[in-house]
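I have placed the structure first, in the form of structure tokens, so that the comments after it can refer back to it.
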Amino acid sequence: MKDTGARPLRADAQRNRDQILAAAARSFSKCGLEATLEGIAKDAGVGIGTLYRHFPTRELLIEAAYRNELAAVCDAAAELVDTMPGAEALQVWMRRYIDYMTRKLGMADALRAVIASGANPYAQSFELLVGAIKPLLDAGVAAGEIRPDVSADDVLISLSGVALATGSNRDQADRLVNLLLDGLRYRA
């Protein structure tokens, strides 16, 4: 996600911000609240002052990292629809969503700290994800590969269940994604 300030960031400042967000997502996913801001800055290749210039508080950094990950998974849907057949695009996106959920589960403690501070990092997440899934389903339906009676929110809830049930067991998650996709193809 880009900075929402009135002025766009310079290219180098945007690059620094993007590197900080990527490093923060990795660190909070791996270490939760034990992640240090100094370690995140070092991983991003910036000084701690640069990190604080972009994110004055730990909670703002956690929330921005989460929202950046959400934007990346949602934005991927449009690219996949434009470059792949419908069912294949949906399958690739579903796997990306499982990866996103696995990272988000790792960030759970950090996200709870954001919520405790009064922010809601999940505001609009459901709507954004459903909005990403809908064109994938529509493309699959138009190609005759996906059944037309399935809603995007049902797919999202099913995928979330797969991610929560399998945790970091990627082989099992892939099998369940394939099973879900087979169900979406039935009667197409």
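The values are calculated or read from the model by the stated rules, or taken from the named source; none is laboratory data. Keep in mind it's a predicted model, so treat the numbers as computed, not measured. For neighbour counting, all protein chains shown are included, and Cβ atoms are generated from backbone atoms with ideal geometry for every residue, glycine included.
Give the number of residues within the stretch 170-188 that are outside any helix (DSSP H, G or I) and either in contact with a Cys (Cβ under 7 Å, 6 or more places away or on another chain) or among the hydrophobic types (A, V, I, L, M, F, W, C) (or both).
1
Scan Ala116, Ala123, Ala165, Ala110 and give me the residue that is free of Cβ contacts under 8 Å to residues at least 24 places away in the same chain and under 19 Å from Gly32 (Cα atoms). Working first, answer last.
Numbers: Ala123 fails: under 19 Å from Gly32 (Cα atoms); Ala165 fails: under 19 Å from Gly32 (Cα atoms); Ala110 fails: free of Cβ contacts under 8 Å to residues at least 24 places away in the same chain.
Result: Ala116 is the single residue among Ala116, Ala123, Ala165, Ala110 that is free of Cβ contacts under 8 Å to residues at least 24 places away in the same chain and under 19 Å from Gly32 (Cα atoms).
Select, from Asp99, Asp109, Asp138, the only residue that is at pLDDT below 90 and surrounded by fewer than 21 Cβ atoms within 10 Å (Cβ to Cβ). Break it down into steps so the answer makes sense when it comes.
On the way: Asp99 fails: at pLDDT below 90; Asp138 fails: at pLDDT below 90.
On inspection, the qualifying residue turns out to be Asp109.
Between a residue in the stretch 72-83 that is more than 10 Å from Arg96 (Cα to Cα) and any residue that is among the aromatic types (Phe, Trp, Tyr), which pairs come within a Cβ distance under 6 Å, given they are 6 or more apart or on different chains?
Leu80/Trp93
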